[in-house]
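So the structure is just underneath, and the comments pick up after that.
The values are calculated or read from the model by the stated rules, or taken from the named source; none is laboratory data. Because the structure is a prediction, the values reported are computed rather than measured. Cβ placement follows ideal geometry from the backbone for every residue including glycine, while neighbour counts extend to all protein chains displayed.
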Amino acid sequence: MARFAVILPAAGASRRFGSPAEKKQFATLEGRAVWLHTAERFVNRPDVVQILLVIAQEDKEYFEMKFGSEVAFLGIRVITGGPTRAESVRRALERLDEQATHVCVHDAVRPCVAEAWIDRVFEKAEQTGAAILAVPVTATLKQVNNQKQIQRTVSRQELWEAQTPQVFEKQLLLDAYARLAPQAPVTDDAQVVEQAGGKVHVVPGSPLNLKITTQDDLKLAQAVLRVLPRPRPQGPAHPFADDMWR
């Protein structure tokens, strides 16, 4: 049976969120922080053996003060990330539990992911080695120049919008990151695997699996959470709960 380590990148600067007071990953959503809603989607899955939350070094003191008790109860391991998302994921990969056979990377600011969607992408990754949630592009796409003039209409045929979770056989992802050049301009983990020659399969996701980027996204997420099934009930803390900073 596959065993999954879950990496939740939460080290972003939140420049587009529009709030000088807090970052989007720490914003309050239905009474709890955004990242906490996200983590709860994975924490009591029997196939998940480890959850790694990656935060910025500048947020470490604040995070420990505000969320230390939640982290300890849920058994989440917190590590500090790097200057880019790829570097943050790379650092998390260095801390993987030996039990893990697969690695799931999921945006900490994507809290509206349903259990059924996680089941599907986990199953596909177990079958194929690499799978991500994605949705077909339905809007009309325009290529625009620097003067905001339309240059052409781009065909949306065969175009899909990538989401997370993105799930990979552990060694496949480790090998792909080992081949990734420092500061390489990659935007997701599927691209890292693609550049290393790996084949990544798409599992149909949902537009409801939105990524919070702006204040408007936060409002939409509030509405979506009210219609999604609740995550599994919380159980006791994991064995490594007393060692949250590793």
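Do you know which of the residues in the stretch 161-187 that are out of contact with any strand residue (DSSP E or B) (no Cβ under 7 Å at 6 or more places or on another chain) and outside any loop (DSSP other than H, G, I, E, B) is farthest from residue 85 (Cα to Cα)? Among those residues, the one meeting the criterion is 171. The set of residues in the stretch 124-160 that are outside any strand (DSSP E or B), surrounded by 15 or more Cβ atoms within 10 Å (Cβ to Cβ) and of a type outside the set (Val, Ile, Thr) comprises 124, 125, 126, 129.
Determine, yes or no, whether residue 54 is buried (at least 23 other Cβ atoms within 10 Å of the Cβ), modelled with pLDDT of 95 or more and under 25 Å from residue 188 (Cα atoms). Taking the combined requirement at face value, the residue satisfies it. I'm trying to understand the selection: among the residues of the stretch 103-127, which are closer than 15 Å to residue 40 by Cβ and in contact with a helix residue (DSSP H, G or I) (Cβ under 9 Å, 6 or more places away or on another chain)? 104, 106, 107, 108, 109, 110, 111, 112, 113, listed by residue number.
In summary, residue 66 fulfils each of the numbered conditions (1) part of a loop (DSSP other than H, G, I, E, B); (2) closer than 25 Å to residue 218 by Cα; (3) out of contact with any Lys or Arg (no Cβ under 8 Å at 6 or more places or on another chain); (4) charged (D, E, K, R) with the single exception of condition (1).
Kindly establish whether residue 121 is under 16 Å from residue 190 (Cβ atoms), β-branched (Val, Ile, Thr), touching a strand residue (DSSP E or B) at 6+ places or on another chain (Cβ under 7 Å) and part of a helix (DSSP H, G or I). Yes, satisfied. Of the residues screened, residue 59 is not one that is of a type outside the set (Val, Ile, Thr), buried (at least 16 other Cβ atoms within 10 Å of the Cβ), under 15 Å from the mean Cα position of the chain (by Cα) and on the phi < 0 side of the Ramachandran plot. I'd like to know if the stretch 170-184 contains one or more residues that are acidic (Asp, Glu) and under 10 Å from residue 130 (Cβ atoms). Taking every residue of the stretch 170-184 in turn, none turns out to be acidic (Asp, Glu) and under 10 Å from residue 130 (Cβ atoms).
Among the listed residues 39, 86, 92, 72, which satisfies the condition of being under 22 Å from residue 218 (Cβ atoms), among the small types (Gly, Ala, Ser) and outside any loop (DSSP other than H, G, I, E, B)? Before you say what the answer is, go through the steps one by one.
Working: 86 fails: under 22 Å from residue 218 (Cβ atoms); 92 fails: under 22 Å from residue 218 (Cβ atoms); 72 fails: under 22 Å from residue 218 (Cβ atoms).
Being under 22 Å from residue 218 (Cβ atoms), among the small types (Gly, Ala, Ser) and outside any loop (DSSP other than H, G, I, E, B) holds for just one of 39, 86, 92, 72, which is 39.
Whether a residue is touching a Phe, Trp or Tyr at 6+ places or on another chain (Cβ under 7 Å) and surrounded by 14 or more Cβ atoms within 10 Å (Cβ to Cβ) was assessed, and residue 92 does not pass this test. Within the stretch 201-227, residues that are more than 30 Å from residue 172 (Cα to Cα) sit with their Cβ atoms under 9 Å from residues that are surrounded by fewer than 17 Cβ atoms within 10 Å (Cβ to Cβ) and among the small types (Gly, Ala, Ser), at 6+ positions apart or across chains, in these pairs: 214/18; 215/18; 215/19. Residues in the stretch 175-213 that are surrounded by fewer than 17 Cβ atoms within 10 Å (Cβ to Cβ) and in contact with a helix residue (DSSP H, G or I) (Cβ under 6 Å, 6 or more places away or on another chain) were compared, and the one that is farthest from residue 12 (Cα to Cα) is 201. What do you reckon, is residue 24 under 14 Å from the mean Cα position of the chain (by Cα) and of a type in the set (Lys, Arg)? For residue 24, the condition - under 14 Å from the mean Cα position of the chain (by Cα) and of a type in the set (Lys, Arg) - is met. Within the stretch 191-207, the set of residues being closer than 20 Å to residue 42 by Cα and of a type in the set (A, V, I, L, M) comprises 203 only.
So which of 113, 109, 105 is in contact with a His (Cβ under 8 Å, 6 or more places away or on another chain) and of a type in the set (A, V, I, L, M)? Spell out how you get there, then give the answer.
On the way: 109 fails: in contact with a His (Cβ under 8 Å, 6 or more places away or on another chain); 105 fails: in contact with a His (Cβ under 8 Å, 6 or more places away or on another chain).
On inspection, the qualifying residue turns out to be 113.
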